[in-house]
Amino acid sequence: TDQKRISFTAGSNIFPKWSPDGKQIAYFNDVLGFGNNYNYWRVYLMNPDGTNAKMLVDIPSFDPHWSPDGKQIVFPEIFFSLGAKPTSSPDVKDYDKFYSHLQQVTVTTHAIKDLSVGTDVEDSTPIYSPSGEWIAFGRRRLIEALWTPGKQLWIMKSDGSETKAVTNDALYNHSAFGWSPNGKFLIYMRFNVADFINPSEIWMVNADGSGAKKLITGGYFPQWLP
């Protein structure tokens, strides 16, 4: 098969992702290196033939997701305050020192919008519904009265409104979210953070949070068939 080098920016260029319309490729570049206790990556967009490469945004993760119409990209970003440093198991008294918000960047204007509200949340793993109307994501509340060991599945409108929890199982961490092709159901992986001996589970739930049911014990990273 024909092969062609199409990226020419300095540094390592990795994890290319096609836009939904197939007209652009987003890829990551590590030219920024490490800073602020974690790695920032520069996201570029370019044509499939390698022309018209343009810097889009700097992000601290590999976890962006295209909107179905290819007009926006959403990604999580961690913020630190009060000189705090990352920690995997912070004490309750340290919750105000870091938080994670979902950022949405518009491809044509490079404008960035913070979709998360307040600084008391740890939001991650966003994924648009097939219609682009909703975003499913993981959330942990970072205030003592609402904190849970496990991260829960939430949904919000793509403009950040109408945020609501889909799961409420405090001891279970929820991840690997996936919308059904018709947008009516969500699948996810969950595991008990208080008992790591138990295997992970695959669950399905209606998008409104009703009808949750376990599909399999011992499964990982579920995917819908087209």
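Worth a mention:
- Those residues of segment 145-188 which are farther than 17 Å from ALA207 by Cβ and aliphatic (A, V, I, L, M), in sequence order: ALA145, LEU146, ALA170, LEU171
- The number of residues in segment 196-226 being over 15 Å from ASN173 (Cβ atoms), in contact with a strand residue (DSSP E or B) (Cβ under 7 Å, 6 or more places away or on another chain), open to solvent by 100 Å² or more (accessible area, probe 1.4 Å) and at pLDDT below 95 comes to 1.
- Of the criteria (1) under 17 Å from ALA136 (Cα atoms); (2) open to solvent by 30 Å² or more (accessible area, probe 1.4 Å); (3) in contact with a strand residue (DSSP E or B) (Cβ under 7 Å, 6 or more places away or on another chain), which one SER161 fails: (3)
- For segment 200-226, a tally of residues being of a type in the set (Phe, Trp, Tyr) and part of a strand (DSSP E or B) returns 1.
- Where strands (runs of 3 or more DSSP E) sit wholly within segment 99-196, those with at least 2 residues that are of a type in the set (D, E, K, R) and free of Cβ contacts under 8 Å to residues at least 60 places away in the same chain occupy 112-114, 121-128, 134-141.
- Annotation: of all residues in segment 39-71 being within 18 Å of SER100 (Cα to Cα) and of a type in the set (Phe, Trp, Tyr), the one that is modelled with the highest pLDDT is TRP41.
- Looking at GLY219, GLY183, just one residue is under 19 Å from the mean Cα position of the chain (by Cα), among the small types (Gly, Ala, Ser) and more than 24 Å from LEU146 (Cα to Cα), and that residue is GLY183.
Listed here are the residues, each with its yes/no results for (1) surrounded by fewer than 20 Cβ atoms within 10 Å (Cβ to Cβ); (2) out of contact with any Phe, Trp or Tyr (no Cβ under 8 Å at 6 or more places or on another chain); (3) at pLDDT 85 or above.
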residue: GLU77; (1), (2), (3): no, yes, no
residue: SER81; (1), (2), (3): yes, no, no
residue: ASP114; (1), (2), (3): yes, yes, yes
residue: MET156; (1), (2), (3): no, no, yes
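The values are calculated or read from the model by the stated rules, or taken from the named source; none is laboratory data. Predicted model only: the values in this text are computed from it and were never measured. With ideal geometry, Cβ positions are generated from the backbone for all residues, glycine too; neighbour counts draw on all protein chains shown. Accessible surface areas use protein heavy atoms only, side chains included; no ligands, DNA or RNA. Shrake-Rupley method; radii C 1.70, N 1.55, O 1.52, S 1.80 Å.
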